[in-house]
1. If we keep just the residues of region 194-245 that are of a type in the set (S, T, Y) and in a loop (DSSP other than H, G, I, E, B), which is farthest from V173 (Cα to Cα)?
2. When you scan region 52-171 for strands (runs of 3 or more DSSP E) that lie fully inside it, which ones turn up with 2 or more residues that are without any contact (Cβ under 8 Å) to a residue 40 or more places away in the chain?
3. Need the failing condition index for A303 against (1) touching a helix residue (DSSP H, G or I) at 6+ places or on another chain (Cβ under 8 Å); (2) away from the ligand (no atom under 16 Å from the Cβ); (3) in contact (Cβ under 8 Å) with a residue 60 or more places away in the chain, just the number.
4. Check A249, A211, A192, A280 and return the single one that is more than 16 Å from the ligand (Cβ to nearest atom), over 19 Å from T179 (Cα atoms) and either open to solvent by 60 Å² or more (accessible area, probe 1.4 Å) or not hydroxyl-bearing (S, T, Y) (or both).
5. Yes or no: L30 farther than 25 Å from T228 by Cα, open to solvent by 30 Å² or more (accessible area, probe 1.4 Å), of a type outside the set (D, E) and assigned to a loop (DSSP other than H, G, I, E, B)?
6. Any idea which of (1) modelled with pLDDT of 95 or more; (2) out of contact with any strand residue (DSSP E or B) (no Cβ under 9 Å at 6 or more places or on another chain) is the one A164 doesn't satisfy?
7. Taking the conditions exactly as written (out of contact with any helix residue (DSSP H, G or I) (no Cβ under 6 Å at 6 or more places or on another chain), open to solvent by less than 50 Å² (accessible area, probe 1.4 Å) and more than 20 Å from G63 (Cβ to Cβ)), does D14 satisfy them or not?
8. Can T47 be described as open to solvent by 70 Å² or more (accessible area, probe 1.4 Å), under 23 Å from N157 (Cβ atoms) and outside any helix (DSSP H, G or I)?
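The values are calculated or read from the model by the stated rules, or taken from the named source; none is laboratory data. Just so it is clear, the model here is predicted, and its values are computed rather than measured. Every residue, glycine among them, receives a Cβ derived from its backbone with ideal geometry; neighbour counts consider all protein chains shown. Accessible surface is based on the protein model in full, side chains and every heavy atom, while ligands, DNA and RNA are left aside. Shrake-Rupley method; radii C 1.70, N 1.55, O 1.52, S 1.80 Å.
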Amino acid sequence: MRHLISISDLTDDDLHGIVARAALFGEGGLDGRPLEGALAGIYFRRTSTRTRTAFSAGALRLGAQIITFGPDDLQLNTGESTEDTGRVLSGMLDLLVARTADATAELRGWAAAGPMSVVNAMSAEEHPTQALADLTTLVRHFGRVEGLRLLYVGEGNNTAAALALALTRYPGVVLELRTPPGYGLRPDVLAAAAAQARSRGAVLTERHDMAGVPEELDVVYTTRWQTTGTSKPTPDWREVFAPFQVTPALWHGSPKAVFMHDLPAHRGEEVTAEVLDGPASIAFAQAENKLYSAMAALEWCWAGR
Ligand SMILES: NC(=O)NCCC[C@H](N)C(=O)O
């Protein structure tokens, strides 16, 4: 069985293949119903607009059937164990797309329970299908990922983790993260992505201030300040995040840079409306690419059965 729980689960060929298929789907390249006969569970324990719709619509467009579960539907809520839940679901479903916002370990438990592909639709640690959408967006916009120069501004959250693990696969990529002090990438993710960057000929750096941001960027990327399932430990956190707002000033040395955002956005917090709604923004094309990358991820899982 194929599982997509972390970007690190994918070989380079897997990753490149999924992104290429997603880009093709984005150009209208769906031929037939490659998931005919598949039954997918769509289980979201946390709110979702893009990811849940992308996987539901994507599965249906590919010819699969779906069963959706909301946060209160399964007996997990009344104390049934993760293991027992996985044993039952894997006897009935071919695929399970799940958003936990809790530990990724739960998804690994379901993956081990039986013959059912598990897709991580976002956990506390990582948001791998967002990274697939982001890579698809880069390929569709620039025609490549290799050699791009990206600035990520904001919390080192699940989106940032997946992005760092994905982008550092590509030679020549320069990824600089500017994360608020105390809200950086998890040290294990930073170490893994930095080691990968060294071996692939990419460059990954993280700093905790906004002084001297790089110029000649291709992309400026941000994320909202309130990551699902997290809380800020001190009341002054907004003061810590305020210098990390994405404003037009960041474009000073990078007139051609595009703006990306995993959304939902909070105009006036992590980004000004001028940037999000301005000519450099490709954030809503990026959101649409979630559909095509979800389709490619589902197809990849199903092809491995
Ligand atoms: N594109 C998305 O999946 N957006 C949902 C929220 C992502 C954000 N990193 C969060 O955890 O809140």
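1. So the first thing to find is which residues in region 194-245 are of a type in the set (S, T, Y), and the list is 199, 205, 221-223, 227-228, 230-231, 234.
When the remaining residues are screened for being in a loop (DSSP other than H, G, I, E, B), the result is 223, 227-228, 230-231, 234.
Numbers: T223: 20, T227: 26, T228: 28, T230: 30, S231: 32, T234: 35 Å.
Once the filter is applied, the top-ranked residue is T234.
2. Filter on region 52-171 gives 65-69.
3. (1)
4. Values: A249 fails: over 19 Å from T179 (Cα atoms); A211 fails: over 19 Å from T179 (Cα atoms); A192 fails: over 19 Å from T179 (Cα atoms).
Result: A280 is the single residue among A249, A211, A192, A280 that is more than 16 Å from the ligand (Cβ to nearest atom), over 19 Å from T179 (Cα atoms) and either open to solvent by 60 Å² or more (accessible area, probe 1.4 Å) or not hydroxyl-bearing (S, T, Y) (or both).
5. Answer is yes for this residue.
6. (2)
7. Numbers: out of contact with any helix residue (DSSP H, G or I) (no Cβ under 6 Å at 6 or more places or on another chain): yes; open to solvent by less than 50 Å² (accessible area, probe 1.4 Å): yes; more than 20 Å from G63 (Cβ to Cβ): yes.
Yes; evaluated as a whole, the condition is true for this residue.
8. Numbers: open to solvent by 70 Å² or more (accessible area, probe 1.4 Å): yes; under 23 Å from N157 (Cβ atoms): yes; outside any helix (DSSP H, G or I): yes.
Spelling it out, T47 is indeed open to solvent by 70 Å² or more (accessible area, probe 1.4 Å), under 23 Å from N157 (Cβ atoms) and outside any helix (DSSP H, G or I).
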